[in-house]
1. Is it the case, given these coordinates, that Glu75 is over 20 Å from Leu26 (Cα atoms), among the charged types (D, E, K, R), crowded, with 17+ Cβ neighbours inside 10 Å and touching a strand residue (DSSP E or B) at 6+ places or on another chain (Cβ under 8 Å)?
2. Of the numbered conditions (1) in contact with a strand residue (DSSP E or B) (Cβ under 6 Å, 6 or more places away or on another chain); (2) closer than 29 Å to Tyr478 by Cβ; (3) at pLDDT 95 or above, Ala158 satisfies every one except a single condition; which is it?
3. Looking at (1) in a loop (DSSP other than H, G, I, E, B); (2) in contact with a helix residue (DSSP H, G or I) (Cβ under 9 Å, 6 or more places away or on another chain); (3) under 19 Å from Ile399 (Cα atoms), can you tell me which one Lys104 breaks?
4. Kindly check whether there is at least one residue in the stretch 376-388 that is touching a strand residue (DSSP E or B) at 6+ places or on another chain (Cβ under 7 Å), outside any strand (DSSP E or B) and without any contact (Cβ under 8 Å) to a residue 40 or more places away in the chain.
5. Quick one: Ala131 ticks every box in (1) closer than 22 Å to Ser90 by Cα; (2) at pLDDT below 95; (3) within 26 Å of the chain's Cα centre (by Cα) except a single one, so which number is it?
6. Answer yes or no: is there a residue in the stretch 145-166 that is touching a residue at least 24 places away in the same chain (Cβ under 8 Å), of a type in the set (Phe, Trp, Tyr), within 20 Å of Pro28 (Cβ to Cβ) and not in a loop (DSSP other than H, G, I, E, B).
7. With respect to Thr470, is the statement that it is free of Cβ contacts under 8 Å to residues at least 60 places away in the same chain and either farther than 27 Å from Glu43 by Cα or part of a loop (DSSP other than H, G, I, E, B) (or both) true?
Amino acid sequence: MEKQESGGGATDNNVTLAFPWSPTSLDPHGIDSWEIMRSGTGETLVKLNEDLEPTPWLAKAWKQENETTWVFQLEESVSFHNGKAMNAASVIESLKRSLEKDQKAIDLLQVESMEPLSENELKIVTKQPNAALIAHLADPSTIIVDVSTIEDKNNYPALTGAFQFKQFNKDESLVVERYKDYWGEKAILSEITIKFIPDGNTRLMALQSGDVDAATDISIDNIPILEKDEKFAVLTAESLRTHMLLFNMRSPLFKDIALRKVIDQSIPRENIVQSIMLEQGTEAKSPFPEILPFGKVLENAPNETIEQLMTQEGWEKNSDEMWQKEGKPFEVNLLTFPQRPELTVMAEIIQSELLNEGIKANISQVENIDEALANDEWDLSMYSMLTAHTGDPQYFLNIFYQSDSESNVSYYDSPTIDGMIDELNRTSESAKRNQLALKIQEVIHTDLPQSFIVHPKTVFAVRKEVKGFTPHPIEYYYIHSKIDVNE
């Protein structure tokens, strides 16, 4: 934390934060949209509150004219970071670019057409009834930007948030500064430096040494260390995240559901919650936490033991008590990654349990898990996903399970699920949507493209002088105008 002189002799404070993920660029549309939103520089038409309810942001009001037509009233005093006024035309231009750059935006919004009705009023028509449109307009893929600034080599993209880009060093740091002409409540801090530190232990050491003032995604086993130090506060919050184990449905081993069941039954969920999560989480029975109305999925006890499943598929134990078939051992490649350190510990626990069952798992740690899932050969992978960040099941089910989705990382292909998700997208009544989402999860539970392990809490650590930098169920609203620091 430092004090820096600003114009007129006033003193302003700044802080340094540690995040695990670095954007590859500052383009708000595409793969880096979540990281851009986390920087406090970007805004969307709609924002979700802590109860996951859509609330006005850049759009101050909206109304639905019929099943597929929505009209939005924009805030009238918003300017981009280059001083240009935001209006209906620039919002439409930004949304169109997002739709061109990001398949997720196409899936979420299902836009047929957009047109300005006046300077600060626009109409969106969807291809079919999209009951979750308003909630989905809070997704970071729909960040509003002055499109003309994206390709400007001499300046950073002009967004609308309380902070604007000042300096970006890929994989190292991002500095954002207060936008003095911000349309809402001006930022208290003059500047925030975000250091990108993928390794959890390194983030902890940076905090302890004073290199950073706060850090996200603190490893659970570091909580007792920090709680003993009066300089720090450990902050936790319920999250809508799920830690899971992915099966590669294209792997020769895991095309077979029996072997997926074997792995699933080998996961010691209760032990993981107690020994790794230190009770800072709950056992996962589905993609969604049970605090959500569409997360209460009944779990059926397995009908067959691991030994029964293996022998039915022609596997037998060798002299070393390891499973083999046609002379080949049951050996799998398990990926993990450093940004969420508890996942690697879980991988090691699962590896040990599998070895006890006669299965060898080789753990490989990769820096970029999404690139590895797309390009590398793998059988199993640890993964973590914010599964209900719009307060609605549609987002996650669309991108994770539709057979043609680029985010379908398990390569799961089910015409039944595709049809049920299409029905969900067309269903507007909330109780019916919740019931349909539960039925979809029943099919997923039967097909087992993933094993859901735990719903973790979000853990931050901050120096006690830092105020307002707190966990939030929506994981990309961390930086905002009210963050402050006491001297």
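1. Details: over 20 Å from Leu26 (Cα atoms): yes; among the charged types (D, E, K, R): yes; crowded, with 17+ Cβ neighbours inside 10 Å: yes; touching a strand residue (DSSP E or B) at 6+ places or on another chain (Cβ under 8 Å): yes.
So Glu75 passes the test.
2. (1)
3. (1)
4. no
5. (1)
6. yes
7. Numbers: free of Cβ contacts under 8 Å to residues at least 60 places away in the same chain: no; either farther than 27 Å from Glu43 by Cα or part of a loop (DSSP other than H, G, I, E, B) (or both): yes.
No.
Residue-wise test of (1) free of Cβ contacts under 8 Å to residues at least 60 places away in the same chain; (2) under 22 Å from Ile359 (Cα atoms).
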position: Asp217; (1), (2): no, no
position: Leu226; (1), (2): no, no
position: Glu270; (1), (2): yes, yes
position: Leu278; (1), (2): yes, no
position: Lys285; (1), (2): no, no
position: Glu307; (1), (2): yes, yes
position: Asp320; (1), (2): yes, yes
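The values are calculated or read from the model by the stated rules, or taken from the named source; none is laboratory data. None of these values were measured; they are calculated from a predicted model. Cβ: placed from backbone, ideal geometry, glycine included. Neighbour counts: every protein chain shown.
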